Amino acid sequence: MRVGFLGTGWIGRHRMQAMIDTGAIEAVAYADPSDEMAAEAARLAPGAARVDGLDSLLGHRLDGIVIATPSALHAEQSIRALEADVAVFCQKPLGRTAGEVGAVVDAARRADRLLGLDLSYRHTEAMRRIRSLIAAGELGRVGAVDLVFHNAYGPGKAWFFDPAQSGGGCVIDLGVHLVDLALWALDFPAVTDVQARLLANGRPLPPGACEDYAVATLTLGDGRVISLACSWNLPAGRDAIIGASFYGEGLGAGFRNLDGSFFDFTAERWRGTATEVLAAPPDDWGGRAAADWARRLAAGERYSAEAERFVDVAEILDRIYGR
């Protein structure tokens, strides 16, 4: 499969390497305005051509494209690629609003092309084990879920702090992963109510600003509750606090990072006060979503209705933001 790469910063290059390593794709072209980032990409794919943007990439008879550009560009670039009959793998968020995400999914459906989103935490061994427990009924009815993602430092690029470009702050940057994990683990139940509080610098969010702290409560149709807390620049005493806890009937299970790491995760099963470790590092999970999309592309997969779940998550984020 002939694949192009739009954006070759750290994430874009990491996903490029993961896809190349599958043997399922050939990196034929890439585009990045930074000479430094382009040079790094050339080291990974010395046979690929550097081009000057999306139009030039689409001129290379691509089967698929990987989009790792600023969030404001994701929906438009994805739609343009899909309308050119090119499959898409995009960094999150797929769009800044549910409307944008829905437009991308509609374009994928019309084109009958594979659409993937880099929801990478689904592919950790820890969350795979927890989802299997829930699906097998081993926790009984999961009545409550607690989600946490605190990043002790904020994003390093200015566009993240402009909601017109990013779509929001820590919720759309970090919370999107956790909302997706919870709904995915529970097989996407209906959410009937969403309540949220968004803060910036410890005060109610002013117009035109991005939140750096948020709490939200999602109530499911059968009364179960999902709670979410996320932040940027919280003095957490470590790089990050990341977790998803699922509480069932006398049993529970948790996904959490170790020692403040963004990359090392454990899965635990809880019986009262006892803990059983189900999965632990090392686990090279970061590129699995990209590798999975590459293999599916090579296998000839086209549009899948599972992409509609991207809209479900985006609608929850819109409700958190009061949109």
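The values are calculated or read from the model by the stated rules, or taken from the named source; none is laboratory data. Values in this document were obtained by computation on a predicted structure and should not be read as measured data. Reconstructed Cβ throughout: ideal geometry from the backbone, glycine too, with neighbour counts over all protein chains shown. Only protein heavy atoms, including side chains, enter the accessible area calculation; ligands, DNA and RNA are left aside. Shrake-Rupley method; radii C 1.70, N 1.55, O 1.52, S 1.80 Å.
Quick look at the numbers
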quantity: Descending semi-axes in whole angstrom, ellipsoid equivalent of region 125-283, from the Cα gyration tensor; calculated: 28, 19, 12
quantity: Solvent-accessible area, 1.4 Å probe, carbon plus sulfur percent, for the chain; calculated: 49 percent
quantity: Degrees separating the helix 71-83 axis from the principal Cα axis of the chain, which is the longest one; calculated: 60 degrees
quantity: Nearest-ten-degree value, helix 125-135 long axis tilted from longest Cα axis of the chain; calculated: 60 degrees
quantity: Gained length - A144 relative to R256, 0.36 nm times residue gap less alpha-carbon distance; calculated: 38.7 nm
quantity: C-alpha long axis of helix 176-185 to longest principal axis of the chain, angle in °; calculated: 70 degrees
quantity: Among 301-310, 175-184, the order from most to least packed when residues are scored by Cβ within 10 Å on average; calculated: 175-184, 301-310
quantity: Cα-based shape type of region 101-195, given that a ≥ b ≥ c are square roots of the gyration tensor eigenvalues and the cut on a/c is 1.5; calculated: oblate
quantity: Highest-first arrangement of 57-64, 111-118, where packing means the average Cβ count within 10 Å; calculated: 111-118, 57-64
quantity: Packing-based ranking, highest mean first, of 87-98, 15-26 given that Cβ atoms within 10 Å are counted; calculated: 87-98, 15-26
quantity: Helix-only [θ]222 nm of the chain, DSSP H runs n ≥ 4, -39500 (n - 2.57) each, per residue, nearest 500; calculated: -9500 deg cm²/dmol
quantity: Backbone HN-Hα couplings from phi across region 282-299 [Karplus 6.51/-1.76/1.60, Hz, Gly and Pro as x]; calculated: x, 8, 7, 9, x, x, 5, 4, 5, 5, 4, 4, 4, 5, 5, 4, 5, 7
quantity: Residues whose placed amide H lies under 5 Å from that of E26, excluding near-sequence neighbours; calculated: R2, V3
quantity: Cut-off 12 Å between beta-carbons: net charge of the residues surrounding Y213, Lys and Arg +1, Asp and Glu -1; calculated: 0
quantity: Average accessible surface area per residue within the chain, 1.4 Å rolling probe, Å²; calculated: 43 Å²
